[in-house]
Amino acid sequence: FPPIPGLIVSSTAELQAAIGGMSPTILLQAGTYTSITISRNLTIASLGDGVVVLRRVSVLSGGNVKLIGLHLTGSSAGEGGGVYLEDADLEMTRCLVYNNRATYGGGVRVKSGQLKMEDCEIYENAAENINGAGGAMYIDGGTIVMIRCKVRKNRTQGHRIYSGGISI
């Protein structure tokens, strides 16, 4: 990872404080961080010293957010197990979205806004419950651009079966 100037954090408490602060860039040291919600312009990147796990990222209300080199994994939600996007712009580079669960968009849910993914992978996510849809991604609004991304081994489970991959 190229060096990016920014505020270095090493705990969920520091991350939450930094999101509420003024720094335009947050660099995460290796570790696991709980779910976060962002509604401002912000870049969050791995410092490059090991695996950085974020449980879930919600990007809302006009934010322009960049995520670089992160693992979004191990989360469960009603919509967007790993990533939820509504009325904002999100750019993801070299991110892995895996092992998440949701009714709509096991890995990623795009309600509105713009999502750009480059060199990312979305795998082993699941859309669950009777009406679950989009094991990897559920998109019902917004604009999506995917460049050199892999979508594999995602699934739906429940009484009604909709797309295990990408549901548009």
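Among [x] 12.0; [y] 9.9; [z] 8.3, which one is mean projected area of the Cα convex hull in nm² computed from these coordinates? It is the one labelled [z]. Per-residue SASA remark: residue 89, around 60 Å² accessible (1.4 Å probe; ligands, DNA and RNA not included). Other residues whose C-beta falls under 9 angstrom from the C-beta of residue 114 contribute a net charge of -1, scoring Lys and Arg +1 and Asp and Glu -1.
Rolling a 1.4 angstrom probe over the range 1-137 with all protein chains present gives an accessible area of which 50% lies on carbon and sulfur atoms.
Contact order for the chain, expressed relative to its length and based on alpha carbon pairs under 8 Å spaced 6+ residues apart, stands at 14 percent.
So what is the accessible area of the chain per residue, in Å², with the probe set to 1.4 Å?
44 Å²
Residue 167 contributes about 20 Å² of solvent-accessible surface, heavy atoms of the protein only, 1.4 Å probe.
The values are calculated or read from the model by the stated rules, or taken from the named source; none is laboratory data. Quick caveat: nothing in here was measured; it's all calculated off a predicted structure. Glycine also receives a Cβ, built like all others from the backbone with ideal geometry; neighbour counts cover every protein chain displayed. Accessible surface areas use protein heavy atoms only, side chains included; no ligands, DNA or RNA. Shrake-Rupley method; radii C 1.70, N 1.55, O 1.52, S 1.80 Å.
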